[in-house]
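This report concerns only the one structure given below.
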Amino acid sequence: MFLKNVANNRGATQARRLRKAGLLAAALTLCGSLAACERRETISVLKTPEAELLGAVSTDKARYAPGESVRFALKLSAAGRQDRLLVRYKHLNDVVEETEIPVREASKLQWEWRPPSDDYTGYLAEIFLLRDGKAADRRNIAVDVSSDWGKFPRYGYLADFMTMRREDREAVVDRLNRYHLNGLQFYDWQWKHHDPVKTGPSGEPADVWTDIAGREVSLETVQDYIALAHDRNMKAMNYNLLFGAYEDAERDGVRREWGLFKDPTGETQDRHPLPESWASDLLLQDPSNPDWQRYLFAKERETFRLLPFDGWHVDQLGDRGARWNAEGKSVNLAATYAPFLQAAKRSVDVDYVMNAVGQFGQPYLAKQAPVKFLYTEVWEGHPQYKHLKMIIDQNRKLSDGRLNTVLAAYMNYDLSDNKGEFNAPGILIADAVVFASGGAHLELGENLLSKEYFPHRNLSVTPALERQLIVYYDFLTAYQNLLRDGAEDMALEATADGGAELSGEAEAGKIWTFAKRKDRREMIHLINFANATTMNWNDTDGRQAEPAEREALRLAIRTDRRAEKAWLASPDYYGGSAVPLDFEQTDGTLKLTIPKLRYWVMVVVEYAES
């Protein structure tokens with residue numbers, strides 16, 4: 001439908017521009033009217049479907065400091081001498097800057113852009129190949145300008161540290177950089193949990209050691225991975241439990257009286273059983289014991305002296321039930337975590353992240369611990385899609401809105417017991433829920449996570465899913481200021497016609513619809529569960545169905561505020577570029593049409609100042 005106040009002569013002018021550019025049919029299909037499509041806006045959302053003229057685009061870093069230049073690199077498959085690139089840098093729906101670059105039959109182009117000096121800001125670079133006055137192909141890529149990675153964490157992992165070629169390490173980090181991951185958890189890199197770095201007689205680190213599962217760890221690989229992460233402005237996080245020791249730990253100076261026990265008499269020390277072929281079970285220590293703290297903190301100080309990690313990813317094992325110390329006193333395990341981290345921060349002044357397994361201990365961590373963000377490993381206590389949003393909402397409230405959330409949520413869990421491929425619909429719907437709710441998903445490393453043991457790798461990521469995930473992470477980064485920068489939940493009254501059924505709850509057969517507000521903008525998220533075969537987020541058997549695409553979904557939204565602009569963006573269309581929407585507003589109802597909905601669409605309404 002047309003905006004009622006658009007003059008006819010303006011529409012005619014736009015029509016001439018679009019016909020001249022050869023883009024009229026596509027513009028009408030997408031926008032529904034010429035009134036919504038300025039020529040530049042039209043270019044920003046169009047891509048020739050069959051064109052493969054442009055190859056992969058990348059940036060040199062995952063995160064940039066304010067004032068730092070971004071270096072882009074773009075491969076070209078079949079560029080002509082007269083071709084040009086049009087590059088538009090956008091913050092949300094607004095063009096910040098644009099430039100044109102001659103191609104001259106190059107196979108690869110590199111250029112730089114200096115973003116505005118604003119801190120904690122996401123951008124989307126839209127790149128078009130112009131040929132004979134028309135947009136022949138396009139690519140998008142996001143940019144994050146943030147002085148602190150903890151503000152908008154995008155967390156990944158590394159789990160293989162054997163001796164390998166440097167080019168293989170570079171390929172792994174380059175791939176994770178394309179997802180804009182700004183922190184990497186170095187999982188099970190250590191020699192022993194109570195003694196992370198194996199050292200020689202003079203205190204120098206060994207060249208090679210084995211981890212708890214007997215896998216080779218190369219010092220050179222760990223060192224180089226840290227350096228490669230730093231080159232791309234990613235933080236390298238040293239993984240270790242806060243209370244784990246091997247069965248032979250007494251030979252290394254650990255005392256049994258520091259332990260955590262299953263009985264008040266101190267007869268049975270709590271242990272985490274592991275496969276018989278592994279080096280040891282883990283004997284658990286009392287995190288509040290000052291002698292254990294002094295011992296472990298000294299080992300961690302040595303770790304950070306020998307290896308330039310940026311922080312400690314502190315792990316736990318969830319609710320252990322009733323436990324006692326060696327003196328027979330009851331230990332409230334969850335309550336020990338924040339004081340442990342406070343003491344650790346005083347002893348080892350690095351970045352901290354701590355896993356709250358199933359939310360165990362999170363209320364203490366959110367309010368008292370010196371962590372960069374909140375991290376929850378999601379288990380069977382929170383099985384459904386609605387629980388992912390519930391955890392993120394709960395964490396926001398627990399931290400009074402200070403801290404964002406990363407969820408470790410393992411996908412296709414049972415499917416990965418055998419060789420195969422990840423089920424793309426299950427992965428994308430879960431990410432849509434997490435991202436729309438304001439969180440991030442720990443899932444990307446050398447592979448995609450399906451088990452809590454990160455080296456487990458039976459399922460492969462198809463090239464198609466890889467491409468889709470890249471766009472989802474571009475979307476998470478480009479729109480971070482709307483997705484997880486202080487937006488607050490708000491009540492939503494909305495209806496749809498054409499047979500689509502909206503619901504304020506995550507229900508099979510319906511479109512889950514919820515809204516958030518920030519300043520003059522309201523963000524309405526629509527997640528398509530119309531064809532869902534399960535409402536369990538982990539899609540454990542890999543059977544989640546791909547949602548049928550909805551077209552021309554007409555929404556009516558109750559609002560007393562006067563709308564000035566409406567637009568949408570989706571990681572499922574046009575590389576996540578913003579698309580302007582026509583709307584009508586009468587008698588407290590805002591009406592607009594969503595051209596397409598596959599997995600997830602974010603509608604943004606910008607209102608006049610009150």
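Check whether at least one residue in the range 512-519 is under 24 Å from ILE392 (Cβ atoms), of a type in the set (Gly, Ala, Ser) and part of a loop (DSSP other than H, G, I, E, B), and report yes or no.
Within the range 512-519, the first condition is being under 24 Å from ILE392 (Cβ atoms), and the residues that meet it are 512-519.
Those still in the list that are of a type in the set (Gly, Ala, Ser) too: 515.
Then drop every residue that is not part of a loop (DSSP other than H, G, I, E, B), which leaves none.
The answer is no; no qualifying residue exists.
State whether one or more residues within the range 380-400 are part of a helix (DSSP H, G or I), assigned by TED's automatic domain parsing to the domain that holds ASP319, small (Gly, Ala, Ser) and without any contact (Cβ under 8 Å) to a residue 60 or more places away in the chain. Talk me through it step by step, then tell me what you get.
Of the range 380-400, the ones part of a helix (DSSP H, G or I) are 385-398.
If we keep only those that are assigned by TED's automatic domain parsing to the domain that holds ASP319 too, we end up with 385-398.
Within this subset, residues satisfying the condition of being small (Gly, Ala, Ser) are none.
Checking the range 380-400: not a single residue is part of a helix (DSSP H, G or I), assigned by TED's automatic domain parsing to the domain that holds ASP319, small (Gly, Ala, Ser) and without any contact (Cβ under 8 Å) to a residue 60 or more places away in the chain.
Condition check ((1) farther than 18 Å from GLN394 by Cβ; (2) buried (at least 16 other Cβ atoms within 10 Å of the Cβ)) across all residues:
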{"position": "ASP310", "(1), (2)": "yes, yes"}
{"position": "ASP315", "(1), (2)": "yes, yes"}
{"position": "GLY321", "(1), (2)": "yes, no"}
{"position": "LYS329", "(1), (2)": "yes, no"}
{"position": "PHE340", "(1), (2)": "yes, yes"}
{"position": "ALA344", "(1), (2)": "yes, yes"}
{"position": "ASP349", "(1), (2)": "yes, no"}
{"position": "GLY361", "(1), (2)": "no, yes"}
{"position": "ALA366", "(1), (2)": "no, yes"}
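So which of ALA125, ALA135, ALA142 ends up being aliphatic (A, V, I, L, M), in contact with a Ser or Thr (Cβ under 6 Å, 6 or more places away or on another chain), surrounded by 18 or more Cβ atoms within 10 Å (Cβ to Cβ) and within 30 Å of ALA566 (Cβ to Cβ)?
Checking each option against the conditions leaves just ALA142.
So, in the range 242-273, of the ones that are without any contact (Cβ under 8 Å) to a residue 24 or more places away in the chain and charged (D, E, K, R), which residue ends up farthest from VAL314 (Cα to Cα)?
GLU267
Just need a number here: residues in the range 160-191 that are out of contact with any strand residue (DSSP E or B) (no Cβ under 8 Å at 6 or more places or on another chain) and not aliphatic (A, V, I, L, M).
Of the residues in that region, 8 qualify.
Among the listed residues LEU492, LEU482, which satisfies the condition of being among the aliphatic types (A, V, I, L, M) and part of a loop (DSSP other than H, G, I, E, B)? Before you say what the answer is, go through the steps one by one.
On the way: LEU482 fails: part of a loop (DSSP other than H, G, I, E, B).
LEU492 is the lone residue from the list that is among the aliphatic types (A, V, I, L, M) and part of a loop (DSSP other than H, G, I, E, B).
Does the range 369-390 contain at least one residue that is among the charged types (D, E, K, R), under 16 Å from the mean Cα position of the chain (by Cα) and farther than 23 Å from LYS235 by Cα?
Yes, the conditions are met somewhere in the range 369-390.
If you take the residues in the range 159-211 that are within 22 Å of the chain's Cα centre (by Cα) and assigned to a loop (DSSP other than H, G, I, E, B), which one is farthest from VAL70 (Cα to Cα)?
ASP188
Quick check: anything in the range 324-333 over 24 Å from the mean Cα position of the chain (by Cα) and on the phi > 0 side of the Ramachandran plot?
yes
Would you list the strands (runs of 3 or more DSSP E) that sit entirely within the range 216-297 and hold 1 or more residues that are more than 29 Å from PHE373 (Cα to Cα) and not hydrophobic (A, V, I, L, M, F, W, C)?
In the range 216-297, 216-218 are the strands (runs of 3 or more DSSP E) which contain 1 or more residues that are more than 29 Å from PHE373 (Cα to Cα) and not hydrophobic (A, V, I, L, M, F, W, C).
Hey, among GLU105, GLU97, GLU68, which residue is over 21 Å from ARG467 (Cα atoms) and at pLDDT below 95? Even if it seems obvious, please write down each step before you answer.
On the way: GLU97 fails: at pLDDT below 95; GLU68 fails: at pLDDT below 95.
Among GLU105, GLU97, GLU68, only GLU105 is over 21 Å from ARG467 (Cα atoms) and at pLDDT below 95.
Suppose we filter GLY200, GLY244 for residues that are out of contact with any Phe, Trp or Tyr (no Cβ under 9 Å at 6 or more places or on another chain), among the small types (Gly, Ala, Ser) and under 20 Å from TYR453 (Cβ atoms); which single one remains?
Answer to the check: GLY244.
Based on what the data block shows, is ALA206 touching a Leu at 6+ places or on another chain (Cβ under 9 Å), surrounded by fewer than 17 Cβ atoms within 10 Å (Cβ to Cβ) and of a type in the set (A, V, I, L, M, F, W, C)?
Here the answer is yes, as ALA206 does meet what is asked.
Which residue out of THR336, THR303 is outside any loop (DSSP other than H, G, I, E, B), over 27 Å from the mean Cα position of the chain (by Cα), surrounded by 14 or more Cβ atoms within 10 Å (Cβ to Cβ) and touching a residue at least 60 places away in the same chain (Cβ under 8 Å)?
Criteria check complete, one pass: THR303.
The values are calculated or read from the model by the stated rules, or taken from the named source; none is laboratory data. Quantities reported herein were computed from a predicted structural model and do not represent experimental measurements. Using ideal geometry, Cβ is built from the backbone for each residue, glycine included, and neighbour counts are taken over all protein chains shown.
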